[in-house]
Amino acid sequence: MDKNKKVFIIIGLIGVAIGGFVLTKYLTRNTIHQKFVTAHYVEYDTPPVVEPLTE
Amino acid sequence: MAKYSKIDFNFPDINRAYVNQGGGENYSSANTILQNKNTVALIKSTIGDFVSKWSNIFELSDEILISFIATESTGKNAPRNSFNAIGYTQSTPISVFESVTKWDSMVGSPLPPEAKAILSKNIPTWTSWKKDVYKDGDANYAKLVKALPNPEFNVAMGALQIRWLLEAYDKDGGSPLNKVMVSYNRGYPSTKNKVKGNITSTQMMKLSLGIEAKAYLLKMLGRYGFLSITYGKV
């Protein structure tokens, strides 16, 4: 394997690693990991219902 | 290494903002959100150290324990009320007796040494407590009423009850934090059979649990609830 090929492979692997890290961070952006708790933030795309509470 | 079940939950879990029956308290209004943020800040500044200590001992998060305290007492060390609820966590003697005396059987391990120590410090006779036998007027009941206004003891007993309820419901399947909230408000014995299995907070809102318990869920898990505030999403 020539030197150029090796460089491209290394750059490719680094790219995959960085891309994977960024993708993982993006996909888990609403998950909060704590020592004993995992909390998932839910984003709603509609306004909340606001009306008196009834039984 | 964790001793207890892991807590995993969604927040906000109900796309609804709470408005009380009179319509005066709207949890989506900027003013109420600001007041609730101030409540959270007050709790952190007054009893934040106790919250961190006991949420760690009982494997909760500060955010969860602060949200319970904010919902229960708005961060005030309230005196005993007509329901016998006392202090920051609005703990009642009956709920403390239940969670302490049934801890071993429900949780499957002894109380943590820190919990035993604070119980012994505030009520040296606690080791002689029997299960569910104390009513108002009993000497043990009176001792607990006297001890619960102590801020650290109160926070410790609140955290103990939350963990006890989490373990009680962990065997039941589903995400138990919403069940714990309702049970903390209306009592475990009268709630456990109403919220069986894997039940969502939205499904719970359709059950006959009483207005106060539903309001409790909304104050914690509603769109602008205390958990959204404590986790910095509002």
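Given the -39500 (n - 2.57) contribution per DSSP H run of 4+ residues, what per-residue ellipticity at 222 nm results for chain A, rounded to the nearest 500 deg cm²/dmol?
Only helices count here, giving -16000 deg cm²/dmol.
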* Summing +1 for each Lys or Arg and -1 for each Asp or Glu, what net charge is found among the other residues whose Cβ lies under 15 Å from the Cβ of B:Val51? -> -2
* Structure fact -> If exposed means trypsin sites (Lys or Arg not before Pro) lying in a DSSP loop and surrounded by at most 15 other beta carbons within 10 Å, then the longest stretch of chain A lacking such sites spans residues A:1-28
* Treating cross-link reach as a plain straight distance, find the lysines whose alpha-carbon is under 16 Å from the alpha-carbon of B:Lys233, omitting any fewer than eight places away in the same chain. => B:Lys37, B:Lys219
* To do: Grab every C-alpha pair in the protein assembly as shown, bin the distances at 10 angstrom width from 0 up to the longest one, and report whole percents.
  => 6, 26, 33, 19, 7, 4, 3, 1, 0
* Structure fact -> Magnitude of the Cβ-charge dipole (Lys and Arg +1, Asp and Glu -1) of chain B about the Cα centre, nearest 20 debye, reported as 300 debye
* To do: Could you work out how far apart the two model spin labels at B:Thr125 and B:Ser109 are, taking each label as a point 7 Å from the Cα in the direction of the beta carbon, and quote it in nm?
  => 3.2 nm
* Structure fact -> Averaging 1/r across every pair of distinct alpha carbons in chain B and inverting yields a Kirkwood hydrodynamic radius, in angstrom, of 17.9 Å
* Could I get the Rg over Rh figure for segment B:58-155? Both from C-alpha atoms, Rh via Kirkwood, rounded to two places. => 0.95
* **Label point distance in nm, A:Lys6-A:Glu55, each placed 7 Å from Cα along Cα→Cβ** => 7.8 nm
* Against the longest alpha carbon principal axis of chain A, how many degrees, from 0 to 90 and to the nearest 10, is the axis of helix A:3-27 turned? -> 0 degrees
* Asked: Dipole size in debye (nearest 20) for the protein assembly as shown around its Cα centre, Lys and Arg Cβ +1, Asp and Glu Cβ -1?
  -> 460 debye
* Asked: How much FRET efficiency would the formula 1/(1 + (r/R0)^6) give for B:Thr200 and B:Ala117, where r is the Cβ-Cβ distance and R0 is 35 Å, rounded to 0.05?
  -> 0.35
* To do: Identify the trypsin sites (Lys or Arg not before Pro) of segment B:144-234 meeting these criteria: DSSP loop state and at most 14 other C-beta atoms within 10 Å of the C-beta.
  => B:Lys171, B:Lys196, B:Lys206
* **Between helix B:30-57 and chain B: long-axis angle, C-alpha atoms, 0 to 90°, nearest 10** => 30 degrees
* Measure nothing but the geometry: give the 0 to 90° angle between the long axis through the Cα atoms of B:177-186 and the longest principal axis through the Cα atoms of chain B, rounded to 10°. => 70 degrees
* segment B:108-177 - charge dipole about Cα centre, Lys and Arg +1 at Cβ, Asp and Glu -1, debye rounded to 20 -> 260 debye
* Asked: Which stretch or stretches of segment B:66-94 have amide N atoms under 11 Å from the point lying 7 Å from B:Asp136's Cα along the Cα→Cβ direction?
  -> B:81-85
* Kindly write out, for segment B:104-117 in residue order, the coupling ³J(HN,Hα) from the Karplus curve 6.51 cos²θ - 1.76 cosθ + 1.60 (θ = phi - 60°), rounded to whole Hz, with x marking Gly and Pro. => 4, 6, 7, 8, x, 8, x, 4, x, x, 5, 5, 4, 5
* Dipole of the protein assembly as shown (Lys/Arg Cβ +1, Asp/Glu Cβ -1, origin at the Cα centre): which of B:Phe50, B:Val96, B:Ser201 lies farthest to the positive side? -> B:Phe50
* Asked: Picking from A:Pro52, A:Val42, A:Val22, whose Cα lies most toward the positive end of the charge dipole for chain A (charges on Cβ: Lys, Arg +1; Asp, Glu -1)?
  -> A:Val22
* Structure fact -> Any chymotrypsin sites (Phe, Trp or Tyr not before Pro) in segment B:1-99 that lie in a DSSP loop and have at most 12 other Cβ atoms within 10 Å would be B:Phe83
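No value in this document is a laboratory result; all are computed from the given coordinates. Every value quoted in this text rests on a predicted model; they were computed, and no experiment measured them. Cβ atoms come from the backbone with ideal geometry, glycine included; neighbour counts cover every protein chain shown.
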